[in-house]
Structure formats: structure tokens, C-alpha cells
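**Student:** I'd like to ask you about the structure that follows.
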Amino acid sequence: FENIARVNPAFAEAGVMIGVENRDGFAELPFDTRFAEFARRLTGLSNARAWVDIGHAQIKHLRGIIEMGSFLESLRGLVCGWHLHDCTDAGADHRAIGEGCVDFNFVRRFFDPDSQIFTLELNPRVSYEAAEDSRKKTEDMF
């Protein structure tokens, strides 16, 4: 948090909002069980907010680290954007939407298209057709 707070004035001067993403690794910070607390602290800065990577959250859910609904509920109103992609049961993420186990009908309840950015973050090996289908499925969520 202190590092982000130090560079926040430069973000503000440049007119840039930085989204700090939940990560999939166990050694990466801020860790998911404390991510909501971290996200609340970010609201004290002018140009930094939480960013949710839904595949990373799914990986932590599959490993029993978080419960997806509770995790997303704890971040309601604190998120500036989302990386959207699917994730297999084995934890392989950045898949085309519909090729994994993320329940987008469930998670979309936490989306706020009026105040959040949504970015498809697909693996480069995803075919053009699957990427196009993911874009369409994303648009259909709203």
C-alpha cells in the first residue's frame, strides 16, 4: 500500500487510475484473504482502486483459499475493473469464456458496468473464433 501511495500523486497528475489486481500466486500480495481490507485502504487514494481478475479468484476458490461469493461481496463498491476469462477445474486460466468452470451467471451480479471497466484477458493461444465468442458472451452479460 505504501508503494502505491507514494506514486499516487504521479497517477493523479497524469490522469491515470491504477487498478491493483488480485493475484493467483501464493507469494503475491496483497493476498486474497486480505484483499478487501487492502481495497478499502485504496479508496483513500485518488487514483488507485481494486481490480478483480476473475480467473485468479476462481483458482483460489478451487484451492479452498476463498469462497467466491464472499470474496466478491467483500469487494462490492471497491472495484474499478475486471479481467474476464475462464479457468479450468485444474486451475488453467486465461481461457475463452465458456471453456472452463467460472460461473459467469453468478459473478456478473457483482458487475457494475456504469463504474467499472471490463477487459477480456485471454491466452494468446485462444483462437480468433473463441475470442470473438468470448466478446459476444461478455456483451450479453450486460
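**Student:** Residues to consider are Glu28, Glu37, Glu13; find the one that is at pLDDT 95 or above and within 17 Å of the chain's Cα centre (by Cα).
**Tutor:** On the way: Glu28 fails: at pLDDT 95 or above; Glu13 fails: within 17 Å of the chain's Cα centre (by Cα).
Going through Glu28, Glu37, Glu13 in turn, just one is at pLDDT 95 or above and within 17 Å of the chain's Cα centre (by Cα): Glu37.
**Student:** So which of Ala14, Ala48 ends up being among the aliphatic types (A, V, I, L, M), more than 25 Å from Arg95 (Cβ to Cβ) and loosely packed, with under 11 Cβ neighbours inside 10 Å?
**Tutor:** Being among the aliphatic types (A, V, I, L, M), more than 25 Å from Arg95 (Cβ to Cβ) and loosely packed, with under 11 Cβ neighbours inside 10 Å holds for just one of Ala14, Ala48, which is Ala14.
**Student:** Report, ordered by the first and then the second residue, all pairs with beta carbons closer than 7 Å, sequence separation of six or more or different chains, a first member in the range 110-135 that is acidic (Asp, Glu), and a second member that is open to solvent by less than 40 Å² (accessible area, probe 1.4 Å) and in a loop (DSSP other than H, G, I, E, B).
**Tutor:** Close Cβ pairs (under 7 Å, with a partner that is open to solvent by less than 40 Å² (accessible area, probe 1.4 Å) and in a loop (DSSP other than H, G, I, E, B)) amount to Glu121/His85; Asp133/Ala96.
**Student:** On to the next question. Taking the range 19-40, which residues are surrounded by fewer than 16 Cβ atoms within 10 Å (Cβ to Cβ) and either within 18 Å of Leu84 (Cα to Cα) or not acidic (Asp, Glu) (or both)?
**Tutor:** Taking the range 19-40 first, the residues surrounded by fewer than 16 Cβ atoms within 10 Å (Cβ to Cβ) are 25-29, 33-34, 37, 40.
Passing the criteria: Gly25, Phe26, Ala27, Leu29, Thr33, Arg34, Arg40.
**Student:** Search the range 46-71 for residues that are within 30 Å of Val16 (Cα to Cα) and pair each with any residue that is charged (D, E, K, R) and open to solvent by less than 10 Å² (accessible area, probe 1.4 Å) when their beta-carbon atoms are under 6 Å apart and the residues are at least 6 apart or on different chains.
**Tutor:** Pairs found: Lys60/Asp32.
**Student:** Now a separate question. Only one of (1) more than 17 Å from Ala36 (Cα to Cα); (2) open to solvent by 60 Å² or more (accessible area, probe 1.4 Å) fails for Thr119. Which number is that?
**Tutor:** (2)
**Student:** Looking at the range 11-19, is at least one residue within 30 Å of Glu132 (Cβ to Cβ) and in contact with a Leu (Cβ under 8 Å, 6 or more places away or on another chain)? Please lay out each step first, then the result.
**Tutor:** Step one: list which residues in the range 11-19 are within 30 Å of Glu132 (Cβ to Cβ), which gives 16-19.
Now restrict to residues that are in contact with a Leu (Cβ under 8 Å, 6 or more places away or on another chain): none.
No: zero hits.
**Student:** Turning to a different aspect of this structure: With the condition kept exactly as written, say whether any residue in the range 64-81 is aliphatic (A, V, I, L, M) and over 20 Å from Phe118 (Cβ atoms).
**Tutor:** Filtering the range 64-81 down to residues aliphatic (A, V, I, L, M) leaves 65-66, 68, 72, 75, 78-79.
Now narrow it down to the ones that are over 20 Å from Phe118 (Cβ atoms): 65-66.
Checking the range 64-81: at least one residue is aliphatic (A, V, I, L, M) and over 20 Å from Phe118 (Cβ atoms).
**Student:** Could you count how many residues in the range 82-103 are open to solvent by less than 50 Å² (accessible area, probe 1.4 Å), within 17 Å of Met141 (Cβ to Cβ) and in contact with a Lys or Arg (Cβ under 8 Å, 6 or more places away or on another chain)?
**Tutor:** Residues flagged as open to solvent by less than 50 Å² (accessible area, probe 1.4 Å), within 17 Å of Met141 (Cβ to Cβ) and in contact with a Lys or Arg (Cβ under 8 Å, 6 or more places away or on another chain) within the range 82-103 amount to 4.
**Student:** Here's something else I'd like to know. Tally the residues that are closer than 23 Å to His56 by Cβ, among the small types (Gly, Ala, Ser) and in a loop (DSSP other than H, G, I, E, B), restricting the search to the range 1-44.
**Tutor:** 2
The values are calculated or read from the model by the stated rules, or taken from the named source; none is laboratory data. Keep in mind it's a predicted model, so treat the numbers as computed, not measured. In this analysis, Cβ positions are derived from the backbone assuming ideal geometry, glycine residues included, and neighbour counts consider all displayed protein chains. Calculation scope for accessible area: heavy atoms of the full protein, side chains included, ligands and nucleic acids excluded. Shrake-Rupley method; radii C 1.70, N 1.55, O 1.52, S 1.80 Å.
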